[in-house]
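This report concerns only the one structure given below.
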Amino acid sequence: MPVVPPSAVTDAWHELNDAEGENLSDLAARFRREQPVLAGYLQAVEEAVSSRDDRGLIFFYGLWAWLAFRKCGGADHEVTEDRIEAAWERNEREMELLGAGSQRQWHHEARALTREYRQMALLGAITESVMDPDLLDNPRTDDFSGIILLHVKTAIDSLDG
């Protein structure tokens with residue numbers, strides 16, 4: 001599976017944001033056809049954790065991740081429930097590790113995790129968008145941001161294999 005380069009992340013972002021109505025619906029439908037289990041996972045998670053005002057964000061970020069992978073020749077395998085579950089469990093263990101230590105240990109562990117992470121360009125761009133959606137000086141730091149990132153990272157890891 002290829003490492004998604006920043007250019008693919010940016011191209012996918014522009015394609016999604018430039019798409020209007022029917023074109024965006026076509027992209028979402030293609031995602032659902034090519035990755036039905038992953039699309040279903042993202043939609044189910046969203047319905048379970050989101051208020052009506054926040055609906056669409058988790059699916060949108062998952063769609064962005066999938067499209068970025070597609071732009072560099074990835075995501076050509078169908079994501080399975082087992083793959084999602086394995087990625088979720090790894091991410092949960094990482095979060096437990098980060099939460100168990102002191103602040104100093106947290107910084108060290110977080111640096112190690114991001115230094116070794118293959119899809120950092122994609123995860124970094126999504127994190128920036130989630131935390132600062134309007135690119136203003138007041139970043140979003142609520143619990144829902146963390147939930148979005150945990151589930152979208154699970155989607156990225158599932159796509160990455």
Highest mean first, how do 66-76, 24-34 rank when packing is the count of other Cβ atoms within 10 Å averaged over residues? 66-76, 24-34
Might you tell me the accessible area per residue for the stretch 1-95, computed with a 1.4 Å probe and given in Å²? 54
For a quick check of understanding: with a 1.4 angstrom probe and all protein chains in place, what accessible area in square angstrom does VAL37 have, to the nearest ten? 50
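The values are calculated or read from the model by the stated rules, or taken from the named source; none is laboratory data. Predicted model only: the values in this text are computed from it and were never measured. Cβ atoms come from the backbone with ideal geometry, glycine included; neighbour counts cover every protein chain shown. Heavy atoms of the whole protein, side chains included, go into the accessibility calculation; ligands, DNA and RNA do not. Shrake-Rupley method; radii C 1.70, N 1.55, O 1.52, S 1.80 Å.
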